[in-house]
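I have placed the structure first, in the form of structure tokens, so that the comments after it can refer back to it.
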Amino acid sequence: MSEHEKPSGEPVPVGRRGGKIDGLPKITGAARFTDDLTLPGMLHGAFLRSPHAHARILSIDVSAAAALPGVYAVLTGADLPTPYGVIPVAQDEHALAVGKVLFIGDEVAAVAAVDQETARRAAALIRVEYEPLEGVFTIEDALNPDKPLLHDERRRKGDTNVLRRVFQKYGDPEAGFAEADVILESSYDYPGSTHVPLETQVALAQPHPDGKLTLWSSTQIPHYLHRIVAKVLGMREQDVRVIKPDVGAGYGGKSDPFANELCAAALARKTGRPVKFILDREEVFYAHRGRHPTRMTLKMGVTKDGRITAADFKAWAAGGAYASYGVVTAYYFGVFLPLPYKLDHWQFESHRCYTNHPPCGPKRGHGAIQPRFALELHLDKLAHAIGMSPEALRLKNTVEPDTETSNGLRITSVALKECVDKVVAASGYLEKRGKLGPNRGIGLATSAYMCGALHPIVQSEMPQSAVQICADRSGRVSILSGTADIGQGSNHMLAAIVAGRLGIPETDCVVLESDTGLTPVDLGSYSSRVTFFAGNAAKMAAEQLYAVIRAAAAEKLGGDDVVMAGGKVFRASAPEKALEFADAVQLAEERHGTLGFVGHYKPPKIGSRFRRQSVGPSPAYSFTAQVAEVVVDPETGFVTVERIWAAHDCGKALNPTIVEGQIEGCVYMGVGEALGEEQSYTKTGLHRAPSILEYKIPTVFETPEITTIIVESNDKEGPYGAKEAGEGPQLSTVPAIANAIFDACGVWMNEAPFTPDRVLKAIERRDREARRAAAEEGA
């Protein structure tokens, strides 16, 4: 009997290290991704895309494409006229362009043919007559009422291309600034960037003789995709089934319904045959939905002893051609501004704009990365101005557990002070800051992030996540959930919670996920919600199963001190008389009937103090502190990030190995956004780098040594204390690197990424200002 199997008198705890339950199939190649699926008679799809950033469609001639041998169907916007959008208040997309194209790469027509090569040849034969229109390419263009509107249905006198403006004010900012001894105001720019998941977007649709449809897709939102496919195709929701196979990462880039999914479904129904639609890498850059390029101004005041007295934040985001999650983004820019600090007097104003570029959307740390960059740089500037350590300034203003922010965000568990203390100690921050020598520096930043959005995208009072579990007579436990594991480990999370409660190995659990025809609803993998929401649902179901098995075992064993651990069920006072878990399951089934139970989760009603606060409240928040150490070459401007220390308050690490992997992944992506990633375009809207040859993501050579530190605050409402770890750790990385650059060479990098040319210009500006100051002093 192994140590794991030996009855110990204690339940198997959550928090064990180990690989994912679905890890082996992925590393051996046995995992089945959407593109691995093949059906008899399957056709392949291809798009015709717009060569114009903004143009009216005058005519489309598909006759040559339709006549090409091997072509089975051609679709245009006229075939799919129903508008849609992932957010109900912004239904501004069509599966294929209707009337106008709004960016270079916008989908105009779709073809289904015997193979992908034929489909692409046919798409190239489609003739479209365009009337080019004036483009809207900058924030200034979007704010200009004289520029053409991208979406004609929004036309009113004086309208601009602003999708959503948000203004909120809390306390008395003017009075707060009056209390300040030092007030600083700066402008910041954060670039757009894209996700670059290993797997591109893929969809496979199969029509059925009874008129129903099955769609396999590499999606993060099976539930919402299910709803939108039914809407656009004019079908009943119960006649559509969406299945998410294994997914090769998403990072938010698969959180929208995409044209390839809708067109695969429509072409399958039109041809009566399965249709696969896979985007190549260049097309993924056009599908996009990545980080919003954002211009920001931040004004903050502090007292001499480091108390933050007031803040005034403004943001303008160039969001591309369609809304996506842009309405939510406009709120996220501001509502998280206080966290993780105490801030009583503040206001923000944000604008999410339309431009003639590929649409932006949610990328890891959605809506919080950009303002965090500005805020954390600003705090270092304020600390420098009052002669205070950046670490001490942050600790003085950190929020406390079981409190509420000025804008009504309920704070439960907080271990940020411990996070700061641990990274400061591990990195030697206090000993190194300002003392590493020329062109070497160290920087600190902190952050907070949500554990799921309190309100669903489609408003309802129904549970936001549900889990069904069933124990069969073999001792195997099946877990059915609508969650979308995209590599972050949510399947293992569900197994760990259920197995931990039942005292069995995770490998004795089978997770069946993301099939809208079989599994209960979960709203999807976004806003770092899955651990908190689905985890609590799994815990509820597991507790019911545990109680039934325990009661049956107690009757058999003749006592109530029953323990379930190591795959055994036994009395704590007599561990030698243990039942096998499978035998205990059979006893419970004899007494109770089939052992199937359902758990669900609805977040608590919080944040009602401000009716306008529909976006931002979360059942809990995670907290992060990071320290970065860098070297700056003053001759070339090249920045090398040598080490990063990251401490993350995840509540409880259900599996420390997976949590550490999530932290490292966040830091890696942050390094990419700090040093080079940028979704950039020519003046006419053409993407400059639509490939991973030109769009630079870090390789192993650019990735620094990463030290991860797990801090556990054991949230009282999280499943066994757990909170999120998949997005929050990224928020601190870029500002920590920026603050380290200042420590290295005395320049504030207010614009990311910190490319050599920008760093060199900043150093040259520093030297000019130093010479000017010396000349004035000499005069």
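Results, tabulated for the structure shown:
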{"item": "Test set (1) among the charged types (D, E, K, R); (2) at pLDDT 95 or above; (3) touching a helix residue (DSSP H, G or I) at 6+ places or on another chain (Cβ under 7 Å) - R529 fails condition number", "result": "(3)"}
{"item": "Yes/no for R758 being surrounded by fewer than 21 Cβ atoms within 10 Å (Cβ to Cβ) and without any contact (Cβ under 8 Å) to a residue 60 or more places away in the chain", "result": "no"}
{"item": "Long-range neighbours under 7 Å by Cβ, at least six apart or interchain, first residue in contact (Cβ under 8 Å) with a residue 60 or more places away in the chain and more than 17 Å from Y224 (Cβ to Cβ) within the range 473-493, second among the small types (G, A, S) and part of a strand (DSSP E or B)", "result": "V477/A471"}
{"item": "Identity of the residue in the range 155-213, of a type in the set (K, R) and under 16 Å from D312 (Cα atoms), that ends up nearest to the chain's Cα centre (by Cα)", "result": "R165"}
{"item": "Residue, least open to solvent (accessible area, probe 1.4 Å), within the range 537-550, restricted to residues that are in contact (Cβ under 8 Å) with a residue 40 or more places away in the chain and more than 16 Å from A495 (Cβ to Cβ)", "result": "I549"}
{"item": "Qualifying positions in the range 64-96 - out of contact with any His (no Cβ under 8 Å at 6 or more places or on another chain), open to solvent by less than 10 Å² (accessible area, probe 1.4 Å) and over 20 Å from V458 (Cα atoms)", "result": "A65, A73, L75, A95, L96"}
{"item": "Lone qualifier among G320, G306, G334 - being touching a helix residue (DSSP H, G or I) at 6+ places or on another chain (Cβ under 9 Å), closer than 14 Å to R165 by Cβ, in contact (Cβ under 8 Å) with a residue 40 or more places away in the chain and not hydrophobic (A, V, I, L, M, F, W, C)", "result": "G334"}
{"item": "Check on I741, closer than 22 Å to G437 by Cβ and of a type outside the set (S, T, Y)", "result": "yes"}
{"item": "All positions within the range 439-460 that are modelled with pLDDT of 95 or more, on the phi < 0 side of the Ramachandran plot and part of a loop (DSSP other than H, G, I, E, B)", "result": "C451"}
{"item": "Hey, T483 open to solvent by less than 10 Å² (accessible area, probe 1.4 Å) and in contact with a Leu (Cβ under 8 Å, 6 or more places away or on another chain) or not", "result": "yes"}
{"item": "Residue among E677, E673, E664 that alone is open to solvent by 20 Å² or more (accessible area, probe 1.4 Å) and among the acidic types (D, E)", "result": "E664"}
{"item": "Single residue of T733, T708 found to be open to solvent by 20 Å² or more (accessible area, probe 1.4 Å) and of a type in the set (S, T, N, Q)", "result": "T708"}
{"item": "Any hit, the range 695-704, residues being out of contact with any His (no Cβ under 6 Å at 6 or more places or on another chain) and not in a loop (DSSP other than H, G, I, E, B)", "result": "no"}
{"item": "Any pair with Cβ under 6 angstrom, 6 or more apart, that starts in the range 217-237 at a residue that is acidic (D, E) and ends at one that is assigned to a helix (DSSP H, G or I) and open to solvent by less than 20 Å² (accessible area, probe 1.4 Å)", "result": "E237/A230"}
{"item": "Test result for T507, open to solvent by 40 Å² or more (accessible area, probe 1.4 Å) and touching a residue at least 40 places away in the same chain (Cβ under 8 Å)", "result": "yes"}
{"item": "Residues satisfying the stated conditions in the range 634-677, i.e. without any contact (Cβ under 8 Å) to a residue 60 or more places away in the chain, farther than 18 Å from V14 by Cβ and touching a Ser or Thr at 6+ places or on another chain (Cβ under 9 Å)", "result": "E664, Y668"}
{"item": "Search result, residues across the range 222-238 that are basic (K, R) and either assigned to a loop (DSSP other than H, G, I, E, B) or assigned by TED's automatic domain parsing to the domain that holds E513 (or both)", "result": "R236"}
{"item": "Positions within the range 620-640 being open to solvent by less than 40 Å² (accessible area, probe 1.4 Å) and farther than 24 Å from Y449 by Cα, in sequence order", "result": "V630, V631, V632, G637, V639"}
{"item": "Answer from Y601, Y526 - the residue that is open to solvent by less than 40 Å² (accessible area, probe 1.4 Å), among the hydroxyl-bearing types (S, T, Y) and out of contact with any strand residue (DSSP E or B) (no Cβ under 9 Å at 6 or more places or on another chain)", "result": "Y526"}
{"item": "Conditions (1) in contact (Cβ under 8 Å) with a residue 40 or more places away in the chain; (2) not in a helix (DSSP H, G or I): number failed by A534", "result": "(2)"}
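Residue-by-condition table, conditions (1) polar (S, T, N, Q); (2) surrounded by 24 or more Cβ atoms within 10 Å (Cβ to Cβ); (3) part of a strand (DSSP E or B):
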| site | (1), (2), (3) |
| --- | --- |
| P362 | no, yes, no |
| G365 | no, yes, no |
| F373 | no, yes, no |
| A383 | no, no, no |
| N407 | yes, yes, no |
| S413 | yes, no, no |
| C419 | no, yes, no |
| V423 | no, yes, no |
| K435 | no, no, no |
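The values are calculated or read from the model by the stated rules, or taken from the named source; none is laboratory data. These numbers were taken from a predicted model, which means no experiment stands behind them. Cβ atoms come from the backbone with ideal geometry, glycine included; neighbour counts cover every protein chain shown. In case anyone asks, the SASA skips ligands and DNA or RNA and just uses the protein heavy atoms, side chains included. Shrake-Rupley method; radii C 1.70, N 1.55, O 1.52, S 1.80 Å.
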